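Please read the structure below before turning to the comments.
The values are calculated or read from the model by the stated rules, or taken from the named source; none is laboratory data. Everything quoted here is computed from the prediction, not taken from an experiment. Here the Cβ is made from the backbone with ideal geometry for all residues, glycine too, and neighbour counts use every protein chain on show.
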Amino acid sequence: MYAKKYFEEAKAAFVASKRIGNAVVRNKSKRRLKELVRANQGLLPTDYDVVLVAKRELRTLSFQQLEQGFVHLLTRLRNRR
């Protein structure tokens, strides 16, 4: 999910519902998403806020697979403007 904004810097929010697991699983999922954003901060479009929602599949994917999908989505978002 993304939202058009009018500020200078890119922001990201992280959501993990109880459906994906207990508190340990939810926190680990959010930590992985935060690291994903930190590692690719330069790719985030500055005119959008990004909300990353953790899904069950996040637990089984490697970080490289997550990063590949994240970069692909950011590229699509940049081309959409």
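Any residue at all in region 55-67 that's surrounded by 16 or more Cβ atoms within 10 Å (Cβ to Cβ) and in contact with a strand residue (DSSP E or B) (Cβ under 8 Å, 6 or more places away or on another chain)? No, the conditions are met nowhere in region 55-67.
Would you check if L33 is in contact with a helix residue (DSSP H, G or I) (Cβ under 6 Å, 6 or more places away or on another chain) and buried (at least 16 other Cβ atoms within 10 Å of the Cβ)? Spelling it out, it is not the case that L33 is in contact with a helix residue (DSSP H, G or I) (Cβ under 6 Å, 6 or more places away or on another chain) and buried (at least 16 other Cβ atoms within 10 Å of the Cβ). Among the residues of region 18-63, those that are within 24 Å of R78 (Cβ to Cβ), of a type in the set (A, V, I, L, M) and assigned to a helix (DSSP H, G or I) comprise L33, L36, V37, A39, L43, L58. Taking into account only those residues within region 1-17 that are surrounded by 13 or more Cβ atoms within 10 Å (Cβ to Cβ) and part of a loop (DSSP other than H, G, I, E, B), which is modelled with the lowest pLDDT? It comes out as K5.
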